[in-house]
Amino acid sequence: MRIVVGEGSCGIASGAKKTQTEIERLLAASNLDVKTNVTGCVGTCFLEPIVDIYDDDNKLYRYVRVQPKMVEEIISEHIIGNKPVEKYLIAGEDASFITKQTKIVLRNCGIINPEDIEEYIAIGGYESTKKVLKDLSQDEVINEVKKSGLGGRGGAGFPTWFKWNAAKINKGPEKYIVCNADEGDPGAFMDRSVLEGDPHAVLEGMIIGGFAMGATEGIIYCRAEYPLAIKRLEIALKQAREKGYLGKNIFGSGIDFDIRIKAGAGAFVCGEETALIASLEGERGMPRLKPPFPAQKGYWQEPTNINNVETYANISWIFEHGGDEYAKYGVEGSRGTKVFALAGKIKHGGLVEVPMGCTLRDVIFDIAGGIKNDKEFKGVQMGGPSGGCIPAELIDTPITYKTITETGAIIGSGGMVVMDEDTCMVDMARFFLDFTRKESCGKCTYCRVGTKRMLEILERITQGEGKDGDIELLLELAEKIKAGSMCGLGQTAPNPVLTTIKYFRNEYEDHIYKKKCTARTCKALITYTINDNCTGCTLCTRSCPTDAITGTLKGQHTINQDLCIQCGRCEEVCNFNAIIRE
Amino acid sequence: MEEKCLQGQFKELDPILDKYAKVPGSLITILQQAQEIYGYLSIDAINYISAITDIRVAKIYGVATFYTQFRLEPIGENLIMLCQGTACHVNGSESIEEAVCEYLGIQDGETTEDNFFTINNVACLGCCSLAPVMMIKTADGDETYGNLTKVSVVKILKEIKSRA
Ligand SMILES: Cc1cc2nc3c(=O)[nH]c(=O)nc-3n(C[C@H](O)[C@H](O)[C@H](O)COP(=O)(O)O)c2cc1C
Ligand code: FES
């Protein structure tokens with residue numbers, strides 16, 4: 001028997017380390033010789049901490065939400081008594097969250113120990129790379145990728161083979177292959193999970209891609225907010241070098257190729273290719289005009305290819321199973337699978353990998369269980385700050401690059417932030433504009449100043465000071481910013497505003513003309529009152545930071561509207577549903 | 001001249017500068033490691049790096065202010081990174097920030113008088129399914145806390161303070 005604890009960032013944040021310590025303590029106390037191990041994230045973040053027990057026939061028993069106090073029972077019943085503790089095992093909806101998925105990118109996440117190359121090799125890891133280096137020509141590699149139909153997973157879905165081919169054709173004394181692990185979309189975390197859970201799959205993709213284009217060096221640009229991902233990548237690189245998979249004469253092929261990590265320093269715009277290159281060169285991350293494309297003049301002016309983490313993670317699978325096999329997943333124009341990161345008001349938040357072409361409903365309701373606390377689904381933000389909000393009535397839209405773009409959103413890197421009836425759409429638009437305004441590098445006037453003007457208007461609207469004509473002004477500015485910006489950041493920054501106006505115009509109008517926030521979130525437009533459910537327990541009085549609530553013990557309480565700052569603390573502490581927010 | 005009068009003050013930087021000063025494109029790496037050592041980038045540290053690497057101070061300052069990771073002011077012993085990413089926003093991160101700011105009596109970017117806590121808003125910590133989330137950097141390493149409420153967040157801060 002062996003015990004495996006899920007230790008991705010989310011597992012650790014949910015207390016996986018404490019659970020593991022308890023397991024080890026109890027095993028040692030009972031003198032049990034059971035191997036323990038760690039693994040990355042299985043994608044079921046809502047079930048963390050997760051403990052997997054494999055019996056001697058390698059049958060898996062998955063325990064979920066394992067708190068330290070549950071460990072003793074599991075060890076005495078299952079490990080010693082050989083009787084699984086049914087009540088703690090994954091079941092029902094939780095289990096189907098995993099079984100309904102199609103895992104290519106996440107095939108090893110949550111299964112192998114990412115810090116041990118031997119485990120990766122034991123399941124066939126690095127075999128594809130060996131095969132490629134030994135038997136295939138550069139063109140054959142590129143052709144196989146072409147057959148697979150793989151599109152870049154960093155946002156645009158641009159055909160990977162085409163970029164590789166361009167980088168191959170362009171000549172240079174040095175050539176670079178770069179992995180974009182900047183994962184700038186706030187609310188997306190699939191790249192983090194892959195890097196933490198299966199770093200070697202990404203390295204393999206880079207070695208194969210590097211071979212295809214004739215790269216002399218690989219660089220992984222990873223955002224600094226992911227310390228665990230960086231640590232696991234460092235371990236993976238070291239182990240791969242020791243095996244001779246990186247460095248001089250890799251796999252005995254006569255080719256020299258190594259990969260290094262460069263930690264980002266916190267700038268969303270550095271996810272854009274040319275800005276990323278500037279950042280790699282130690283400069284401010286400002287994008288520049290394309291062409292020349294990175295494949296022509298990239299890092300230090302040499303041919304450079306940049307792909308996303310998930311794109312690379314697909315590659316070794318493609319060479320293990322064949323491009324044709326990969327193309328069987330998905331639909332015309334959008335081949336293969338895509339990983340989505342579900343967060344927000346979703347019942348089961350985590351990672352979901354599905355074949356392209358399935359619908360939003362399949363992902364959000366069928367797999368992820370719909371909305372938290374049985375509230376009403378309002379919309380889903382796809383593509384982060386560059387994307388848009390897709391409303392509930394379009395829930396049956398198939399997920400392909402074409403159909404999602406038609407809604408006004410984009411697939412982007414795969415973030416899905418789900419919103420319910422309590423999410424104010426004007427506030428969401430304001431939130432994204434606040435983000436893009438801060439992250440604009442400042443080079444293009446429309447992006448730098450235009451986003452600020454849009455933000456000011458949105459702030460006014462959410463503060464109850466919206467004016468007739470604001471919506472039209474927003475639309476006009478949006479068009480100008482799109483047209484007047486050089487890089488993707490500015491060109492897409494107005495999208496969240498445009499889509500929310502398109503689908504939720506009534507909410508804008510309510511704010512502007514009726515001074516009302518239907519979702520009851522914009523502070524300036526809500527009031528708190530206390531109804532006669534009040535028992536006079538005084539809990540709210542004590543929690544109020546401005547002494548706005550008065551009332552005697554066991555008597556009806558009231559809120560002084562002049563003092564109330566709408567902080568909502570009274571609503572949070574009240575046990576009798578007596579606080580009314582409207 | 002700069003180099004002379006600052007000599008000896010930044011001994012810890014020398015091994016890093018020995019390694020990277022002459023490697024093109026290493027400025028960000030140097031600044032990251034300098035910040036790792038001193039907690040922030042002081043003007044003197046920037047001058048020193050400039051003197052050794054021959055990169056103009058203005059350029060170093062330009063890079064340091066472009067990226068959110070770099071700080072030009074010292075921080076407290078424990079850095080509270082409050083996530084304000086999309087998932088956290090949707091799940092009420094603003095009210096968490098309010099609760100933290102009110103409890104500590106400081107705003108985003110500021111440090112408490114006893115130099116114990118600094119608050120910093122960040123974009124996303126990658127634990128979005130546990131939103132709202134914060135990460136606290138202490139002497140013992142980084143710890144991430146998820147599913148925060150206005151009440152639980154204050155409890156966590158009290159706990160950390162009482163450990164000290
Ligand atoms: C403002 C902006 C931010 C971006 N951020 C990312 C990112 O965080 N990760 C990523 O892989 N691609 C990002 N991209 C897309 C990249 O520019 C690029 O298209 C991608 O890395 C190419 O890889 P792919 O072909 O594998 O998708 C961003 C683009 C823009 C305009
Ligand atoms: S949005 Fe807060 S952790 Fe991602």
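The values are calculated or read from the model by the stated rules, or taken from the named source; none is laboratory data. What you see is a predicted model; the values in this text were computed from it and never measured. No Cβ is skipped: glycine too gets one built from the backbone with ideal geometry, and neighbour counts run over all protein chains shown. Heavy atoms of the whole protein, side chains included, go into the accessibility calculation; ligands, DNA and RNA do not. Shrake-Rupley method; radii C 1.70, N 1.55, O 1.52, S 1.80 Å.
Per residue and in Å³, how big is the convex hull formed by the alpha-carbon atoms of chain B?
Residue-normalised Cα hull volume stands at 129 Å³.
How fast does the range A:371-523 diffuse by Stokes-Einstein, in µm²/s, taking the Kirkwood radius from C-alpha pairs at 37 °C and 0.692 mPa s?
Approximately 212 µm²/s, per Stokes-Einstein.
Tell me, in nm to one decimal, what length is gained between A:Ile255 and A:Glu234 on full extension, where the rule is 0.36 nm per residue of separation less the Cα-Cα distance?
5.4 nm
Would you please give the residues with an amide H less than 5 Å from that of A:Tyr176, counting only those at least 5 places away or on a separate chain, with H modeled from the backbone geometry?
A:Thr216, A:Thr304, A:Asn305
With a Cα-only, solvent-free Debye model of the protein assembly as shown, what are the log10 I(q)/I(0) values at q = 0.06, 0.08, 0.10 Å⁻¹?
Per q value, in the given order, log10 I(q)/I(0) is -0.37, -0.68, -1.08.
By its C-alpha gyration tensor, with a ≥ b ≥ c as the square roots of the eigenvalues, how is the range B:2-66 shaped: rounded for a/c under 1.5, else prolate for a/b larger than b/c, else oblate?
The shape class here is rounded.
Report, in degrees rounded to the nearest 10, the 0 to 90 angle that the Cα long axis of helix B:150-163 makes with the longest principal axis of chain B.
That helix lies at roughly 50 degrees to the long axis.
Search the structure for amide H atoms under 5 Å from the amide H of A:Gly349, placed 1.01 Å from N in the peptide plane, and list their residues when 5 or more places away or on another chain.
For A:Gly349, the qualifying residues are A:Phe46.
Would you work out if the range A:283-438 is rounded, prolate or oblate? Take a ≥ b ≥ c from the square roots of the eigenvalues of the alpha-carbon gyration tensor; rounded if a/c is under 1.5, else prolate when a/b is larger than b/c, oblate otherwise.
Because a/c hits 1.5 or more and a/b fails to exceed b/c, the range A:283-438 counts as oblate.
Taking +1 at the Cβ of each Lys and Arg and -1 at the Cβ of each Asp and Glu, which of A:Gly450, A:Cys41, A:Ala201 sits farthest along the dipole of the protein assembly as shown towards its positive end, judged by Cα position relative to the Cα centre?
The Cα lying farthest towards the positive end belongs to A:Gly450.
Quick one: compute a quarter of the convex hull surface over the Cα atoms of the range A:2-97 and quote it in nm².
Here the figure is 5.6 nm², rounded to one decimal.
I need the per residue convex hull volume for the range A:331-420, using only the alpha carbons, in cubic angstrom as a whole number.
Cα-based convex hull of the range A:331-420, divided per residue, equals 75 Å³.
Over the range A:69-109, what portion of Cα pair distances is larger than 11 Å, expressed as a whole percent?
Taking all Cα-Cα pairs of the range A:69-109, the fraction more than 11 Å apart is 71 percent.
Go through the range A:508-522 residue by residue and turn each phi into a ³J(HN,Hα) via Karplus (6.51, -1.76, 1.60, θ = phi - 60°); whole Hz please, and just put x for glycine and proline.
Calculated HN-Hα couplings, in order: 4, 5, 4, 5, 6, 9, 9, 6, 9, 10, 4, 7, 6, 10, 6 Hz.
In whole Hz and in residue order, list the ³J(HN,Hα) couplings for the range A:557-572 that follow from phi through the Karplus curve 6.51 cos²θ - 1.76 cosθ + 1.60, θ = phi - 60°; x for Gly and Pro.
9, 9, 10, 7, 5, 6, 9, 5, 10, 6, 7, x, 5, 4, 5, 5
What value, in deg cm²/dmol to 500, does the helix sum -39500 (n - 2.57) over DSSP H runs of n ≥ 4 give at 222 nm once divided by the residues of the protein assembly as shown?
Estimated from H runs of four or more residues: -11500 deg cm²/dmol.
Taking each residue of B:91-99 in turn, how many C-beta atoms of other protein chains fall within 10 Å of its C-beta, and what is the average?
Counting other chains' Cβ atoms within 10 Å and averaging over B:91-99 gives 3.
Sorting A:Thr529, A:Thr550 by accessible area (1.4 Å probe), largest first, what list results?
A:Thr550, A:Thr529
How large is ³J(HN,Hα), in whole Hz, for each residue of the range A:53-60 in order, when computed from phi with the Karplus curve 6.51 cos²θ - 1.76 cosθ + 1.60 and θ = phi - 60°, using x for Gly and Pro?
Result, ordered by residue: 10, 9, 7, 5, 8, 6, 6, 9 Hz.
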